[in-house]
Amino acid sequence: MKNKGFIQVITVLLILASIYQLSFTFKTRSIEKKAEAKAERMYPEDETAKDSFLKVYYDSLGPVEVYNMGIGKFTYQECKEEQLNLGLDLQGGMNVTLEVATPEIIRSMAGKTKDQAFLTALDAAEARYLGQQNFVDVLASEYNKVAPDGKLASIFYSKELEGELPNGFESSNSEIYDYLKLESERAIDRAFEIISTRIDKFGVAQPNIQRLDNGRILVELPGVDDPARVRKVLQSSAKLEFWNVYPNYEAYTYLESINEIIYGKEKLNDTTSTDEATLSPDEDTEAEEQGAESDEGEEGSLLAENEEGSLDVVDDSLAGDTGISDEQRLAENPVLSKMIPNLSQDNQNWGAGAHVGYVASKDRALFESFFNSPEVQASLPANLVWKWSFKPSDEAGEFYMLYALKSSRDGEPVLSGDVITDARPSRQITGQLSVSMSMNQEGTREWKRITAAASKVTPKEAVAIVLDNLVYSAPTVQNEIPNGMSEITGGFDQREAEDLSNILKAGKLPAPAKIAGESTVGPSLGEQAIRAGLISLAVGFILVILFMTFYYGRAGLYADIALLANLVFIIGVLTGLHAALTLPGMAGLVLTIGMAVDANVLVFERVREELRAGKGFKMAIKDGYKGAYSSIIDANITTLIAGVILWVLGKGPVMGFAVILVIGILSSLFTSIFLTRLFIDKDIEKGRETSFYTAFSKKMFTSFNINFIGRRKTFYIISGLIITAGIVSLATRGLKTGVDFKGGWSYVV
């Protein structure tokens, strides 16, 4: 064999590279086994505590150097990134189907249109839309019902769309629908890119992200053990905004107005009888006297800030010993009684921070109903917007902070988050984690103006940083900020700060993405799949080894060594490519083992034929290999083409199978043709002939002969009957397709 030295060098390099790649897997497995053993000793019967300990331990171990190979030092996180990745079906994790809200894309493209026919059609289309068809087609159908002669160009056309809609305001509805479809697809593509970027920065090994039909995106995250974190990262629209904030004492006066309005409505709706509701003159006088006495009470009073910044009593209706029952006090203060004002520790001044007060999580929906009341909205300033804090203010998670934000004249925030160019976790002087953001030139100019205005008034005003309609922080501006830098604080831990930074850097989703379907694969299922796959792999491997050794003797033993090397090469290359080993991939590995010896069988049989023909050993080896090459190349090239197509076009399990198949074919060709030839040539150099027989197999099948060509007509008839039966069955019974082909429901019990 020519270039023998080159083949030897390549073989050694492949073995070393494979061992190098697999060493990271062995290292992480060793570390994790020790950690699991420690957790088992500490919490032998508490699985929750055990999982919590391991999670904290692995997080703390991430940046620590744990592996020194001489050629480099690696942290635990780097080792995890280089180890053999397992797919969702083997190690557990989350499978999430996201649906990009196409109706919201169309609604945002329509702007603030007042066209009632279009809005009616849009609402009807959204109600009718089931996700199985294109939303624009549903919208077209509904609009034709409402306004068959309507013109959509007046809603969607603008000067910037001359290239997209050359006919301008004369564009037909059909052209508008085509444009909406195109823009919807672009928005969904953008959402796919943003979600992919978020997942790439999420730290999940080999995630699978696929674009499905009608705005749906499939996300598979192997090894994920925090579903709440995943939902937050995937569904966050990353709509970042900066708002001016009403001072808390001023906002409180608006809450007092709301309190009076709501109390008046409830009193007006009181259905008690006139006799029960009317007081006698004596009772009325007594009530007035009790009210006069209550003016002297202070406990539980309503407060407002005077010019000096202290708090004055403005209403003693909530005072303690007034003769009024608790039920009556609560009834007369339906809003204020359900909120704890943001006061200082001595309850004499307003507390630090821009929030008005604290509201129990169970009362948030009630407050929302108060704020949305038409009577309330009519009585408040048009630029007043109420927002909640992004997470509870207490460890128990029972109370959220309420903010009163101040919009610009058009009802928008003072600055949009589109100006952010970068975001990263940082640590303040106090040690608290935050997220620092930098802005583009336009944002820097506006941020300078906003902070200058907020810092020059007395008292200084706050600016709220709002993400997805929730307030993350609302710092009081002390000085003008000229460099476009801003910071989000919120009591983050390291993971929260990193996730928020990644979300902001990835960008804003063009439309909300909601979770249409979600499933969690437990690690126990993955362990069973791994065990079953390993058993099938071991059984297949052992049977092939025994057969080759039993049938081909020493040559079969060389083929077995090549097969073992082939297995190491495949796993090593798979690890180096950072591809994931899936359950279908393990099936492909078992198939590859069987295919790997095909080339050896072809070569060995040709050598045996040459030896039976009386040729010398060296010539038989040369002619045997030469004669088998064409069959080996033809068979593997056709399979390789099919594997590449499955790899490129296939998704999920299909792609997992194809990856192993393609790597296995290339590796098998090398080991079966070149590696076994190296062993045989080594025998020739030592003056030893490699045996291609055993005593049992030497004469096996030598007299076996079927004249297929002579009996071709018979076999034509047999083949024709089988094919005809298949066609008839296909035409009458059809194919039984699964849920992945025709849709439907899938249950895991």
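Table for the structure above
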{"quantity": "Antiparallel DSSP beta bridges within the chain, as percent of all bridges there, nearest 5", "calculated": "95 percent"}
{"quantity": "Which of 189, 681 is most accessible, then next, and so on - probe 1.4 Å", "calculated": "189, 681"}
{"quantity": "Of 55/362; 232/387; 239/391; 34/55, pairs whose Cα-Cα distance is over 22 Å", "calculated": "55/362"}
{"quantity": "Relative contact order, percent, the chain [alpha-carbon distance under 8 Å, six or more residues apart]", "calculated": "16 percent"}
{"quantity": "Under 5 Å, built H, 5+ apart or other chain: amide partners of residue 246", "calculated": "404, 405, 406"}
{"quantity": "For the chain, accessible area per residue (1.4 Å probe, heavy atoms of protein chains only), Å²", "calculated": "55 Å²"}
{"quantity": "Residue 67 long-range amide H proximity, modeled H, under 5 Å", "calculated": "74"}
{"quantity": "Accessible area of the chain belonging to carbon and sulfur atoms, whole % at 1.4 Å probe", "calculated": "56 percent"}
{"quantity": "Helix-only [θ]222 nm of the chain, DSSP H runs n ≥ 4, -39500 (n - 2.57) each, per residue, nearest 500", "calculated": "-17500 deg cm²/dmol"}
{"quantity": "Residue order for 409, 495, 128, 531 - accessible surface, 1.4 angstrom probe, largest first", "calculated": "409, 531, 128, 495"}
{"quantity": "Spatial separation of Cα centroids for the range 597-631 and the range 412-435, in angstrom", "calculated": "71 Å"}
{"quantity": "Dipole magnitude of the chain, debye to nearest 20 (Cβ charges: Lys/Arg +1, Asp/Glu -1, about Cα centre)", "calculated": "9300 debye"}
{"quantity": "Kyte-Doolittle at least -0.5, axis length at least 27 Å by Cα - qualifying DSSP helices, the chain", "calculated": "4-42, 523-552, 554-576, 583-612, 617-649, 712-732"}
{"quantity": "Selected from 697, 252, 386, residue furthest toward positive end of dipole (the chain; charges at beta carbon)", "calculated": "697"}
{"quantity": "Global form of the chain, assessed from the alpha-carbon gyration tensor, a/c cut-off 1.5", "calculated": "prolate"}
{"quantity": "Note, ³J(HN,Hα) from phi for the range 339-348, Karplus 6.51, -1.76, 1.60, rounded to Hz, x at Gly and Pro", "calculated": "9, 9, x, 7, 10, 6, 5, 8, 6, 10"}
{"quantity": "Nonlocal amide H pairs with residue 492, under 5 Å, H built at 1.01 Å", "calculated": "433"}
{"quantity": "Whether the range 587-694 is rounded, prolate or oblate, judged on the alpha carbon gyration tensor where a/c under 1.5 counts as rounded", "calculated": "prolate"}
{"quantity": "Prolate/oblate/rounded label for the range 345-466 (Cα gyration tensor, a/c 1.5)", "calculated": "oblate"}
{"quantity": "The range 568-706: relative contact order in percent, alpha carbon pairs under 8 Å with at least 6 residues between", "calculated": "33 percent"}
{"quantity": "Ordering of 579-589, 167-177, 72-82, 715-725 by packing [mean C-beta count within 10 Å, highest first]", "calculated": "579-589, 72-82, 167-177, 715-725"}
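The values are calculated or read from the model by the stated rules, or taken from the named source; none is laboratory data. Please read all numbers here as calculations on a predicted model, not as lab measurements. As a convention, Cβ positions derive from the backbone with ideal geometry for all residues, glycine included, and neighbour counts pool all protein chains shown. Note: areas computed on protein heavy atoms with side chains; ligands, DNA, RNA excluded. Shrake-Rupley method; radii C 1.70, N 1.55, O 1.52, S 1.80 Å.
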